[in-house]
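Notes follow the structure.
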Amino acid sequence: MEAPELALRGLTKIYGQLRVVDSLNLDVPRGSMYGFVGPNGAGKTTTLSMSTGLLRPDGGQVWIGGVELWKHLREAKARIGVLPDGLRLFDRLSGAELLTYNGMLRGMDKAVVAQRSADLLAALGLEEAGKKPVADYSAGMTKKIGIACAMLHAPDLLVLDEPFEAIDPVSASNMQDLLRGFVAEGGTVILSSHVMDTVQRLCDHVAIIDHGHLLVAGTVEQVAAGKDLQSRFVELVGGGAETKELSWLRPSSN
């Protein structure tokens, strides 16, 4: 049986008395498009940060392609491309310069960086924007250049935290095609999203987390259990308090 691209065992993060992630176990199959979903505050970003070397866990292990992340950090990180939550970029650089800088930091050949940068800027609709400072980018353009940086070194695993947030529908469609092509060539994608319809259409596997605990994981069909994923998600995490009518929230008749 082929080893998973990402394996988490007993992953734990504690802040004070709060166990933000509590002994989480998860296997992400190689070559999968894996959705990682949960309500706000569920521990998604914390889990992804610990899984990519951005945040040290208080307990548990992470393996990337069979390499234990926190024992062999440089080797494991070389296999990963990451779009983290709240991405900070060197925004005085142009988009093309930022990609070149990222490539040089990874020790990539300059000619390879130039070709891949041009390809990514074209694929993401940033050819003209690539000449402008990232500080002048819209939120959606900033997200796209961040994804380009994550893909530049052709990683085995892409971990994308809310990749379609602030992205227009046309750009989102192009990006989804790019990710599907990456998976078709043997890559693995983990993405978090609050849009269940996108996860159901794009992903073949999904995991649902709440209060730091993994509730369910498997293929989308297995997790949905004969329902649409949105309904199943609400069923598992709870629908929350009943919404009360606000009698004052109506147009005044005066």
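The values are calculated or read from the model by the stated rules, or taken from the named source; none is laboratory data. None of these values were measured; they are calculated from a predicted model. When we count neighbours, we look across all protein chains shown, and the Cβ atoms used for this are built from the backbone with ideal geometry, even at glycine. Please note that ligands, DNA and RNA were not included when accessible areas were found on the heavy atoms of the full protein model with its side chains. Shrake-Rupley method; radii C 1.70, N 1.55, O 1.52, S 1.80 Å.
Could you order peptides 205-212, 119-126 by the average number of other Cβ atoms within 10 Å of their residues, highest first? Provide the component values of the computation, followed by the final result.
On the way: 205-212: 22.8, 119-126: 18.2.
Per-residue mean Cβ counts within 10 Å order the peptides as 205-212, 119-126.
Stretching Ala154 away from Leu246 to a fully extended chain increases their span by 28.0 nm, per 0.36 nm per residue minus the current alpha-carbon distance. Calculated FRET efficiency, Ser23 to Gln115, Cβ-Cβ distance, R0 = 45 Å: about 0.50 to the nearest 0.05.
Taking the Cα centre of the range 70-125 as origin, sum charge times position over the Cβ atoms of Lys and Arg (+1) and Asp and Glu (-1), and report the length of that vector in debye to the nearest 20. Don't skip to the answer; put the middle values down first.
Working: 9 positive and 6 negative charges, 58 e Å.
Here the range 70-125 has a charge dipole of around 280 debye.
Which one is right for this structure if volume of the Cα convex hull per residue in Å³ is calculated from it: [x] 181; [y] 146; [z] 134? Step by step, volume of the Cα convex hull per residue in Å³ for this structure corresponds to label [x]. For the chain, the share of DSSP beta bridges that are antiparallel, to the nearest 5, is 55%. Extents of the range 104-254, largest first, come to 62, 50, 26 Å (Cα atoms, principal axes, whole angstrom). Think of the chain as having a plus end and a minus end, set by charges on the Cβ of Lys, Arg, Asp and Glu; of Cys149, Tyr34, Met196, Cys149 sits farthest toward the positive end of this dipole. Scalar couplings 3J(HN,Hα) for the range 216-223, obtained by applying the Karplus form with A = 6.51, B = -1.76, C = 1.60 to θ = phi - 60°, are 6, 8, x, 5, 4, 5, 5, 5 Hz; x denotes Gly and Pro.
Across the chain, Cα pairs under 8 Å and at least six residues apart give a relative contact order of 25 percent.
Roughly speaking, what is the stretch gain from Gln222 to Asp177, that is 0.36 nm per residue apart minus the C-alpha to C-alpha distance, in nm to one decimal? Intermediate values should be presented prior to the final figure.
Working: separation 45, 0.36 × 45 = 16.20 nm, distance 2.42 nm.
Here the answer is 13.8 nm.
In the chain the longest region clear of GluC sites (Glu not before Pro) that are loop-assigned by DSSP and have at most 15 other C-beta atoms within 10 Å covers 3-126. Legend: residues His153, His194, sorted from most to least accessible area (1.4 Å probe; ligands, DNA and RNA excluded), read His194, His153.
Among Leu215, Gly226, Leu246, whose Cα lies farthest out toward the positive end of the dipole of the range 109-254, if unit charges sit on the beta carbon of Lys, Arg (+1) and Asp, Glu (-1)? Farthest towards the positive end: Leu246. Each Lys and Arg contributes +1 and each Asp and Glu -1, all at the Cβ; summed about the Cα centre of the range 60-159, the dipole is approximately 180 debye. Taking amide H as placed 1.01 Å from N in the peptide plane, Leu124 has no amide H partner under 5 Å among residues 5 or more places away or on another chain.
For the range 1-78, the square roots a ≥ b ≥ c of the C-alpha gyration tensor eigenvalues yield an a/c of 1.5 or more together with a/b not exceeding b/c, which makes the shape oblate.
Taking amide H as placed 1.01 Å from N in the peptide plane, Val216 has its amide H under 5 Å from the amide H of Ile208, each at least 5 places away in sequence or on another chain. Between Leu54 and Gln230, how high is the FRET efficiency from 1/(1 + (r/R0)^6) when r is the Cβ-Cβ distance and R₀ = 22 Å? Nearest 0.05. For R0 = 22 Å, the calculated efficiency reads 0.15. Over the chain, DSSP H runs of length four or greater, each weighted -39,500 (n - 2.57), average out per residue to a 222 nm ellipticity of -10000 deg cm²/dmol. What you get for the chain, charging only the Cβ of Lys and Arg (+1) and of Asp and Glu (-1), is a dipole of about 620 debye around the Cα centre. Computed 3J(HN,Hα) for the range 151-164, one whole-Hz value per residue from the Karplus formula 6.51 cos²θ - 1.76 cosθ + 1.60 where θ = phi - 60°, is 9, 4, 8, 6, x, 7, 10, 9, 10, 10, 8, 6, x, 9, glycine and proline marked x.
Take 143-151, 85-93 and order them by the average number of nearby Cβ atoms within 10 Å per residue, most first; the result is 143-151, 85-93. Amide H contacts of Leu83: Val159, Leu160, Asp161, each under 5 Å away and 5 or more positions distant or on a separate chain (H built 1.01 Å from N in the peptide plane; Pro and chain starts excluded).
What separates the Cα centres of the range 1-59 and the range 191-245 is a distance of 16 Å.
Across the range 115-123, rounded Karplus estimates of 3J(HN,Hα) from the backbone phi angles (6.51 cos²θ - 1.76 cosθ + 1.60, θ = phi - 60°) give 5, 5, 4, 4, 4, 5, 4, 5, 5 Hz, Gly and Pro being marked x.
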